[in-house]
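Presented below is the structure to which this report refers.
The values are calculated or read from the model by the stated rules, or taken from the named source; none is laboratory data. What you see is a predicted model; the values in this text were computed from it and never measured. All Cβ positions, even for glycine, are placed from backbone atoms using ideal geometry, and neighbour counts span all protein chains on display. Calculation scope for accessible area: heavy atoms of the full protein, side chains included, ligands and nucleic acids excluded. Shrake-Rupley method; radii C 1.70, N 1.55, O 1.52, S 1.80 Å.
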Amino acid sequence: HEFPWVGRVRLCWLDHGPGGGARNPVQWFVGTITNRLDAKGRVSVPAEFRDVLRAQGNSGFYCVKSIGGLRALTGFGNAEFQRQMESLKPHNPLFSKDHAPRAYAIFGQARQMAFDETGRCVLPADLIAFLGLTEQVCFVGLGDVFEIWNPQDLPEIAEQRLETAHDEFESGGAV
């Protein structure tokens, strides 16, 4: 089952100035890409996503179950992991009620996924079951992070997100 917005994306480039100048790859997770899940639980992580992760010094990625309660995984690399560590610094790990829930949501439940030589990772059986995956896996770029979805669940969520963005636009947008 294929969706109209699902397809390959290419790494975008920033062009500095009318005379050209240096061109730098945009290092964000962008696009929606569906790949096949094989019988051993292996899926090819989109090359564009691997490029972003490698630029951060990763040979894989971290993932956590969606903190928002969605049936999705959130994937990220070292840069986001470091940002999350920095965000916890104001919370004393021994005396702050806020520290443990926040730390567990990111660090306690994080899984490290390594790439093989062809760019695949093995999704653990419990995460395959959590997502209800059978034959396909959908990767959705969200800038600094990406999500991993069952392609059957994504259309409803995508529609809700676009409606939310539209409502924000109609109300004058966020500042």
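Of all residues in the stretch 99-122, count the ones that are polar (S, T, N, Q) and within 18 Å of the chain's Cα centre (by Cα).
Here is the first cut: in the stretch 99-122, the ones polar (S, T, N, Q) are 109, 112, 118.
From what's left, within 18 Å of the chain's Cα centre (by Cα): 109, 112.
Final tally of qualifying residues: 2.
If you scan the stretch 84-100, which residues turn out to be of a type outside the set (S, T, N, Q) and either assigned to a loop (DSSP other than H, G, I, E, B) or surrounded by 12 or more Cβ atoms within 10 Å (Cβ to Cβ) (or both)?
Met85, Leu88, Lys89, Pro90, His91, Pro93, Leu94, Phe95, Lys97, Asp98, His99, Ala100, listed by residue number.
Answer yes or no: is there a residue in the stretch 145-155 that is open to solvent by 60 Å² or more (accessible area, probe 1.4 Å), closer than 23 Å to Gly60 by Cβ and among the polar types (S, T, N, Q). If you could, list the steps in order and put the result at the bottom.
Residues of the stretch 145-155 open to solvent by 60 Å² or more (accessible area, probe 1.4 Å): 152.
Right, trim to closer than 23 Å to Gly60 by Cβ and you get none.
No, that holds for no residue.
Does Leu73 satisfy the criteria of being touching an Asp or Glu at 6+ places or on another chain (Cβ under 9 Å) and surrounded by 19 or more Cβ atoms within 10 Å (Cβ to Cβ)?
Working: touching an Asp or Glu at 6+ places or on another chain (Cβ under 9 Å): yes; surrounded by 19 or more Cβ atoms within 10 Å (Cβ to Cβ): yes.
Here the answer is yes, as Leu73 does meet what is asked.
Which condition number in (1) under 22 Å from Ile157 (Cβ atoms); (2) modelled with pLDDT under 95; (3) out of contact with any Asp or Glu (no Cβ under 8 Å at 6 or more places or on another chain); (4) open to solvent by less than 90 Å² (accessible area, probe 1.4 Å) is the one that Gly108 fails?
Tallying (1) under 22 Å from Ile157 (Cβ atoms); (2) modelled with pLDDT under 95; (3) out of contact with any Asp or Glu (no Cβ under 8 Å at 6 or more places or on another chain); (4) open to solvent by less than 90 Å² (accessible area, probe 1.4 Å), Gly108 fails exactly one: (1).
For the stretch 148-175, which positions are charged (D, E, K, R) and in contact (Cβ under 8 Å) with a residue 24 or more places away in the chain?
Filtering the stretch 148-175 for residues charged (D, E, K, R) gives 153, 156, 159, 161, 163, 167-168, 170.
Scanning the stretch 148-175 gives a single hit, Asp153.
In this structure, is Arg8 at pLDDT 95 or above, exposed (fewer than 14 other Cβ atoms within 10 Å of the Cβ) and within 20 Å of Gln152 (Cα to Cα)? Before you say what the answer is, go through the steps one by one.
On the way: at pLDDT 95 or above: no; exposed (fewer than 14 other Cβ atoms within 10 Å of the Cβ): yes; within 20 Å of Gln152 (Cα to Cα): yes.
It is false that Arg8 is at pLDDT 95 or above, exposed (fewer than 14 other Cβ atoms within 10 Å of the Cβ) and within 20 Å of Gln152 (Cα to Cα).
So in the stretch 28-69, with the set limited to residues that are within 13 Å of the chain's Cα centre (by Cα) and part of a loop (DSSP other than H, G, I, E, B), which one is surrounded by the fewest Cβ atoms within 10 Å (Cβ to Cβ)?
This residue is Ile67.
Among the residues that make up the stretch 118-135, is at least one of them in a helix (DSSP H, G or I), open to solvent by 40 Å² or more (accessible area, probe 1.4 Å), in contact (Cβ under 8 Å) with a residue 60 or more places away in the chain and not hydroxyl-bearing (Ser, Thr, Tyr)? So that I can check it myself, show each step before the final result.
To start, the set of residues in the stretch 118-135 that are in a helix (DSSP H, G or I) comprises 125-131.
Next cut, open to solvent by 40 Å² or more (accessible area, probe 1.4 Å) only: 125-126, 129-130.
Those still in the list that are in contact (Cβ under 8 Å) with a residue 60 or more places away in the chain too: 125, 130.
After this cut, where a residue has to be not hydroxyl-bearing (Ser, Thr, Tyr) as well, the list is 125, 130.
Yes, there is a match, as at least one residue in the stretch 118-135 is in a helix (DSSP H, G or I), open to solvent by 40 Å² or more (accessible area, probe 1.4 Å), in contact (Cβ under 8 Å) with a residue 60 or more places away in the chain and not hydroxyl-bearing (Ser, Thr, Tyr).
Check Glu117, Glu156, Glu163, Glu147 and return the single one that is at pLDDT 90 or above and farther than 25 Å from Pro46 by Cα. Outline the logic, then answer.
Working: Glu117 fails: farther than 25 Å from Pro46 by Cα; Glu156 fails: farther than 25 Å from Pro46 by Cα; Glu147 fails: farther than 25 Å from Pro46 by Cα.
Only one candidate qualifies: Glu163.
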